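The values are calculated or read from the model by the stated rules, or taken from the named source; none is laboratory data. In this text the structure is predicted, and so the values were computed from the model without any measurement. Glycine also receives a Cβ, built like all others from the backbone with ideal geometry; neighbour counts cover every protein chain displayed.
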Amino acid sequence: MSKELELLQSELNNNCDELRKIESNKINIIADFGNESHIELKDKDRGCRIYPFYFSEIPIYEFEWDGCPIFKISSDDLKRQVKIIKSWVLERTMPSKMQDQFPEIELGELAKYYEKGEGIKGEFIESWNLTQETSINLFSIDSDQYHSEKDAIRLIKEMRNIKLDELLRIGTRLSVFILSRARRHIVNENTPHIGIVFLGNSRMKIYSNLNDQNKSLECEVKYEGYLEGIVKELLKEKIK
């Protein structure tokens, strides 16, 4: 695996000598997950991860802005990819301009937020989109088995109506909904957060780790009241 990565890295450098001088031009070997081993090309907040063998014989190029994936391309056209890497990483071209230069690029909503300087807001909103979509899909598959998803969908919509999706990240862990001010999905016991378990019949149990205190309370599924109070406390935390 490392030999193949070294060969591709050498070919990239030979096609664009400027890549040798960027902040990070290295190979990352992921133990036990060989398909995730990759080449990292990074300069300041722009980067590209290249996965030559990620379930495909054609390399996947994933382009990032401040560590957040913005677009990806699967291609075996090395020279074309070097041009894209140079434009994105070295010339710091904006996403919309990249798409004009390279029509094969497909941009998602996050690209628009980053271009407007609202990357964190976009990441938070995207986390709510994904969580809401998952709950809707589960409920539509089997409303009897996933009956509590109905309460989850209702609460998500209620909180999004007051724009909390722009201020908080949401995710799930073993059916627990997690609210935090974390920049990424990694939340541990030391991260200020709120956990919500939907019990069915319009009941939920709320767990919180705020101000070095752990609390829990069972209550009706609604934002107004207890949940509203602890969310206001969570919003005092800095985004990290």
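A few remarks follow.
- Pairs meeting the criteria (first residue in the range 199-213 and closer than 15 Å to residue 223 by Cβ, second residue basic (Lys, Arg) and part of a strand (DSSP E or B), beta carbons under 7 Å, at least 6 apart or on different chains) are 208/215.
- Some residue of the range 107-118 being modelled with pLDDT of 95 or more, loosely packed, with under 13 Cβ neighbours inside 10 Å and not in a helix (DSSP H, G or I): yes
- Residue 70 falls short on exactly one of the conditions (1) hydrophobic (A, V, I, L, M, F, W, C); (2) over 20 Å from residue 185 (Cβ atoms); (3) part of a strand (DSSP E or B), and that condition is (2).
- Scanning the range 10-40 for residues that are modelled with pLDDT of 95 or more and within 19 Å of the chain's Cα centre (by Cα) gives a single hit, 40.
- Complete set of residues in the range 2-50 that are surrounded by 12 or more Cβ atoms within 10 Å (Cβ to Cβ), polar (S, T, N, Q) and under 21 Å from residue 79 (Cβ atoms): 9, 13, 14, 15, 25
To keep it simple, each residue is scored yes or no on (1) touching a residue at least 40 places away in the same chain (Cβ under 8 Å); (2) of a type in the set (Val, Ile, Thr); (3) within 16 Å of residue 84 (Cβ to Cβ).
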| residue | (1), (2), (3) |
| --- | --- |
| 5 | yes, no, no |
| 9 | no, no, no |
| 20 | no, no, no |
| 42 | yes, no, yes |
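- Against the list (1) within 30 Å of residue 164 (Cα to Cα); (2) in contact (Cβ under 8 Å) with a residue 12 or more places away in the chain; (3) small (Gly, Ala, Ser), the condition residue 140 fails is (2).
- Taking the criterion of being assigned to a loop (DSSP other than H, G, I, E, B) and hydroxyl-bearing (Ser, Thr, Tyr), the residues of the range 9-61 that qualify are 37, 54, 56.
- Test: residue in the range 129-137 that is surrounded by 13 or more Cβ atoms within 10 Å (Cβ to Cβ) and in a loop (DSSP other than H, G, I, E, B): no
- When the range 161-187 is filtered for residues that are within 15 Å of residue 237 (Cα to Cα), surrounded by fewer than 18 Cβ atoms within 10 Å (Cβ to Cβ) and without any contact (Cβ under 8 Å) to a residue 60 or more places away in the chain, only 166 remains.
- Within the set 170, 120, the sole residue that is over 25 Å from residue 220 (Cβ atoms) and under 19 Å from the mean Cα position of the chain (by Cα) turns out to be 120.
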